[in-house]
Amino acid sequence: MDAEASYSLESEQQFWQELENIVSGPSDSHELIDNALRSYLTLTATFKQEYLHSEYDIARCCYKLLDAKLFQHNHDYIRRQFLYCLLEEEDAGTLHLAAGVLLFDGRANEAVLEMMQAENAFPRLVNLIRDKRDDDLGLHRLLLELLFEMSQIQKLSRGDVMTVDDGFIMYLFQLIEELSDDADDPYHYPIIRVLLVLNEQYMCLANAAPSSGGEDAVTNRILKILSTHGPSYRTFGENLILVLNREASLSPQLLILKLLYLLFTTPSTYEFFYTNDLHVLVDVIIRNLLDLDPGVGKQDDRDGQTALRHTYLRVLCPLLKNTQLAREGSNYKREEVRRLLYLMVNRSTAHFAPVDETVIRLVIRCKQIEWLKEEGDEQEQEIERKLVEVAPNDSEVAKKLLGMSLVDAGESSLSVVEVAAKITKEKPSVPAPRRRKKNGNGVGSNGSFGDTLKVPSNDLSGSISSDYAREGGRSPFADDNQEA
């Protein structure tokens, strides 16, 4: 088909049929492939406003190409063509389709995201996110998703991370503040995830071995902005805890906990959160620590549960010690926390994994917090006895040094900075959070005070999430080819 062809369609059914004809055409040469791709982009750009109303429609359009033999037989070439579109085009419609194809293909094939990194796509994505929001909100969301996916599966270069300036981080925080009262806002979660993965990249750089060139350390701009302008961006902190409250997947929880750890161990951000939000966080940590059982599931699952338990305990200590919860009269749920710490080392039964040494050491650290202490505390004495029982003896140390230890619950050498690096990469699976509208008394519709999160609906038109990721190599739109 000639690239300059014009289209006159009378119905949506004709649009999808014409799109099918384009991606089903001959592809025996690069010239024929280029013509097909130009026709694909021309058709979608021409009728985007008329027939591609939702993110669901954009995803369907992308998968029309990804599922076609045209792409299956020439995927390396076509991926590179769409990457060049992303890097060079300025038209919002073309960018929307290019970002969508790269995003959905990248979720199923990490090589796509690695290619983007090799071709220096990160700075371009940062600039597009900053500049294109007013052009198309759907495009802006896809760009945020693409930046997140690209940054979560690989370590970015020092130069890439340094392209993120204070203005970009403040821009993202401000978007959360501006939209915080919109009950139907779909942008909190994608923005929060970008901020979390950028924090992860900063932490990786901070934890890396010093270079021989004597380069200066890269400033964690997320921590810097929250240290200097924290009170202006408290909606971010509120949403962060709300997301953690509903999160079930391992990787997102670790990303959130690592940022919380930094905030609770940096003096200028000790009191970044509202006190009521800290109360919610304590409740979430208590619940999740009691629910975690590293003795259940496959080995990878057990390793993840163990790492998550350690990380929650590492965060709990500075939360109770450094924030406003440590003030006299603000000691929230003192007895419940003491009971939790006791159970962490005393509930090893047939249903729960044996307690490991790292848990006991972290519990002892928490028990040293002044407002948790109690004179003549028998719990502390029992915890000390437990530590003696599980602490490795000389022969066990020798086995570990020789790489011969088979003990599942050995001492953890991981800090909160390193813990996620040891866990198998996991794709995000939780849809974007939604806030419930409050009634006149400021009470959520579930009877609780403050902002809560809706249970996500099954309407795919509301958000693009990993629900679109292929299962078993089959896209969610594979049956479209059977349409009349």
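Summary table below
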| item | result |
| --- | --- |
| The listed residue being in contact (Cβ under 8 Å) with a residue 12 or more places away in the chain and either open to solvent by 50 Å² or more (accessible area, probe 1.4 Å) or under 29 Å from residue 253 (Cβ atoms) (or both), out of 81, 72 | 81 |
| Residues satisfying the stated conditions in the stretch 238-274, i.e. polar (S, T, N, Q), open to solvent by less than 20 Å² (accessible area, probe 1.4 Å) and assigned to a helix (DSSP H, G or I) | 239, 253, 269 |
| Residues being at pLDDT 90 or above and either surrounded by 20 or more Cβ atoms within 10 Å (Cβ to Cβ) or closer than 24 Å to residue 150 by Cα (or both) - total across the stretch 206-229 | 8 |
| Close pairs (7 angstrom Cβ cut-off, 6 or more residues apart or separate chains): small (Gly, Ala, Ser) in the stretch 216-243, part of a helix (DSSP H, G or I) anywhere | 217/206; 227/268; 227/269; 230/269; 237/277 |
| Subset of the stretch 294-333 (residues that are at pLDDT below 85 and exposed (fewer than 15 other Cβ atoms within 10 Å of the Cβ)) | 296, 297, 298, 299, 300, 301, 328, 329, 330 |
| All positions within the stretch 110-131 that are closer than 15 Å to residue 82 by Cα and among the polar types (S, T, N, Q) | 117, 120 |
| Single residue of the stretch 5-40 satisfying the filter (among the acidic types (Asp, Glu) and over 17 Å from residue 67 (Cα atoms)) that is modelled with the lowest pLDDT | 10 |
| Filtered residues of the stretch 37-67 (kept if among the small types (Gly, Ala, Ser) and buried (at least 22 other Cβ atoms within 10 Å of the Cβ)) | 39, 59 |
| Helices (runs of 4 or more DSSP H) within the stretch 1-78 that include 2 or more residues of a type in the set (Ser, Thr, Tyr) and in contact with a Leu (Cβ under 8 Å, 6 or more places away or on another chain) | 30-46 |
| Residue that is modelled with the lowest pLDDT [pool: residues in the stretch 334-357 that are more than 30 Å from the chain's Cα centre (by Cα) and assigned to a loop (DSSP other than H, G, I, E, B)] | 350 |
| Cβ-Cβ under 7 Å pairs, at least 6 apart or on other chains, the stretch 168-197 side open to solvent by 10 Å² or more (accessible area, probe 1.4 Å), far side of a type in the set (Asp, Glu) and at pLDDT below 90 | 179/185 |
| Every pair of residues 6+ apart whose Cβ atoms lie under 9 Å, when the first sits in the stretch 99-123 and is under 16 Å from residue 64 (Cβ atoms) while the second is of a type in the set (S, T, N, Q) and not in a helix (DSSP H, G or I) | 104/475; 108/475 |
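The values are calculated or read from the model by the stated rules, or taken from the named source; none is laboratory data. Fair warning: this is a prediction, and the values are worked out from it, not measured in the lab. Note that we place each Cβ from the backbone using ideal geometry, even for glycine, and neighbour counts take in every protein chain shown. SASA here: full protein model, heavy atoms, side chains in, ligands and nucleic acids out. Shrake-Rupley method; radii C 1.70, N 1.55, O 1.52, S 1.80 Å.
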